[in-house]
Amino acid sequence: MCLFCKIINREIPSNAVAENEEFYAFHDINPKAPVHVLIIPKTHYDSFDDIPSDAMGKMATFMQEVARELGINQSGYRIISNIGEDGGQEVKHLHFHLLGGAKLHWGHLADSDPKDFF
Ligand code: 5GP
Ligand code: ZN
């Protein structure tokens, strides 16, 4: 079972933000912005490349709700999904990074010092 499937099953602890039957949002263990939440489907897809459009539509609504609950929908935020080798994906379970809480510079990359980007 993959790391994020174990997080969904509560075999590995995480800091929850929001949850429903199909999706889970939790704080990233290594935040790159004042708000850095990971949003995942409870169904395992290896990456964004594998999710069907109906599930993606529901996931988009869930992500909007999470941004609203975190109070960053007015100030703005960024959603990123790394896909596969060239995308720099480390965990092979589809996830969206929801980043916000400060003005993010374009070029905010995972291997950079986050302090350089807001
Ligand atoms: P990727 O590089 O695959 O797009 O992003 C994986 C993300 O998962 C990284 O931002 C990393 O900090 C986060 N991460 C990895 N392991 C864990 C964990 O055990 N718990 C939490 N909350 N986040 C994790
Ligand atoms: Zn998984």
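The values are calculated or read from the model by the stated rules, or taken from the named source; none is laboratory data. Since we're looking at a predicted model, the values are computed, not measured. FYI the Cβ positions are ideal-geometry reconstructions off the backbone, even for glycines, and counts take in every protein chain you see.
Structural remarks
- Meets criteria (away from ligand 1 (no atom under 11 Å from the Cβ) and in contact (Cβ under 8 Å) with a residue 24 or more places away in the chain) for I83: no
- Residues in the stretch 1-49 that are more than 12 Å from ligand 2 (Cβ to nearest atom), out of contact with any strand residue (DSSP E or B) (no Cβ under 7 Å at 6 or more places or on another chain), among the hydrophobic types (A, V, I, L, M, F, W, C) and in a loop (DSSP other than H, G, I, E, B): I29 alone.
- Subset tally (residues that are surrounded by 17 or more Cβ atoms within 10 Å (Cβ to Cβ) and farther than 11 Å from H95 by Cβ) for the stretch 9-50: 7
- Which listed residue is of a type in the set (A, V, I, L, M) and part of a strand (DSSP E or B), from L98, L94: L98
- The residues on offer are D54, D86, and the sole one that is at pLDDT below 95 and in a helix (DSSP H, G or I) is D86.
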